[in-house]
Amino acid sequence: MRMVSLYSIKGGVGKTASAVNLAAEAAHKGLRVLLWDLDPQAATTFYLQIKPRIRGGVEKLVKGKSSWDKVIRTTSLENLDVLPASLASREMDQLLEKRGTSHLRQMLKEVRKEYDLVVLDCPPTLSHLSENMFTSVDALLVPMVPTTLSLRTLEQLQKFLDEHDLPCPLWPFVTLADRRRSMHVEIINNLGKDWPLRLSTVIPAASVVERMGVERAPVREFAPASPACRAYESLWSELHQRLQL
Ligand SMILES: Nc1ncnc2c1ncn2[C@@H]1O[C@H](COP(=O)(O)OP(=O)(O)OP(=O)(O)O)[C@@H](O)[C@H]1O
Ligand SMILES: [Mg+2]
């Protein structure tokens, strides 16, 4: 079971859109995927048409005492299940403070054989939740809009990981890109120099991604031939290779 998270300290950079579309691509290719919504905003949960509810409550979930067949929800997409969020998910941060490292991974102990891949959608915070996530995942996928401030945020995150001795690899990728803007093009072309572990696929800014909120589905379900869907497919294929799945 590989575990990756979509994470950035920055809000509104495409974490949720990327989590949902990457999970859908992996499931489409035949992997058994669990998409874990860790954000009380529950946007991933909404996109997959699941009720924002953690059956049995968050505390039981963190203690690993939930009944998994109730908490984990199937979706209309083959191979794709969701562990939903709700407003109550905000309690997870405090509950994780008292837990050891990698607890998020350990919470899934009982279902680890059921999934090839777990994709986490995280809130844009630096908290006990994110610190625990850093020790639980195989890699951090960091979506970034190609601007100077985003580069700075990446550096801050890397510095935090280094200072706290967290060896979790950071794999940035560009999203919401507009190749008509010279700054976007420049940053896209130079990203590999400072960030050799970046994923090279660029996700364009595209209205089909915004439509996910209306369709309540990954782009593959309603716009499979769109450039954005192709880009997510290619991003998944890069990731697939790196994770050696
Ligand atoms: N490639 C894209 N093209 C166009 N719009 C996009 C793209 N990716 C995301 N968006 C839109 O940008 C907004 C923010 O995206 P998203 O919710 O995925 O970001 P986020 O990083 O998860 O935000 P938050 O920090 O609030 O959780 C949404 O309205 C979404 O539809
Ligand atoms: Mg989000």
Which of Pro146, Pro123, Pro224 moves the most in a Gaussian network model of the chain with Cα springs under 10 Å? Pro224
At q = 0.12 Å⁻¹, what is the log10 ratio I(q)/I(0) for the chain, with the Debye formula run over Cα points and no solvent? -0.64
Theoretical ellipticity at 222 nm over the chain - DSSP helices of four or more residues, -39500 (n - 2.57) apiece, nearest 500: -11500 deg cm²/dmol
Kindly sort Ile203, Ile9 by accessible area of their heavy atoms, largest first, with the probe set to 1.4 Å. Ile9, Ile203
Kindly write out, for region 172-189 in residue order, the coupling ³J(HN,Hα) from the Karplus curve 6.51 cos²θ - 1.76 cosθ + 1.60 (θ = phi - 60°), rounded to whole Hz, with x marking Gly and Pro. x, 8, 8, 9, 6, 7, 10, 6, 7, 9, 5, 5, 4, 4, 4, 5, 4, 5
Show me the GluC sites (Glu not before Pro) within region 26-103 that DSSP assigns to loop and that have at most 16 other Cβ atoms within 10 Å of their Cβ. Glu78
On a straight-distance basis, which lysines could pair with Lys65 in a cross-link, Cα separation under 26 angstrom, same-chain partners fewer than 8 positions away excluded? Lys51, Lys98, Lys109, Lys113
Percent of accessible area on the chain owned by carbon and sulfur, 1.4 Å probe? 47 percent
Per-residue accessible area for Leu197 at 1.4 Å probe radius, Å² rounded to 10? 90 Å²
Furthest towards positive pole of dipole, Val62, Pro227, Leu199, structure part region 2-240, Cβ charges: Val62
Could you list which residues have their amide H under 5 Å from that of Leu120, counting only those 5 or more apart in sequence or on another chain, with H placed in the peptide plane? Val4, Ser5, Leu6, Trp36
For Leu176, which sequence-distant residues (separation of 5 or more, or a different chain) have an amide H within less than 5 Å of its own amide H, given hydrogens modelled in the peptide plane? Ile203, Ala205
Region 96-107 - phi-based ³J(HN,Hα) in whole Hz, Karplus 6.51/-1.76/1.60, Gly and Pro as x: 6, 4, 8, 9, x, 4, 6, 5, 4, 5, 5, 4
Largest-first ranking of Asp194, Asp121, Asp81, Asp138 by accessible area, probe 1.4 Å, whole protein assembly kept, is Asp194, Asp138, Asp81, Asp121
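The values are calculated or read from the model by the stated rules, or taken from the named source; none is laboratory data. Note that the structure is a prediction, hence the values are computed from the model and not measured. No Cβ is skipped: glycine too gets one built from the backbone with ideal geometry, and neighbour counts run over all protein chains shown. Each accessible area value is taken on the protein alone, full model and side chains, heavy atoms only, with ligands, DNA and RNA left out. Shrake-Rupley method; radii C 1.70, N 1.55, O 1.52, S 1.80 Å.
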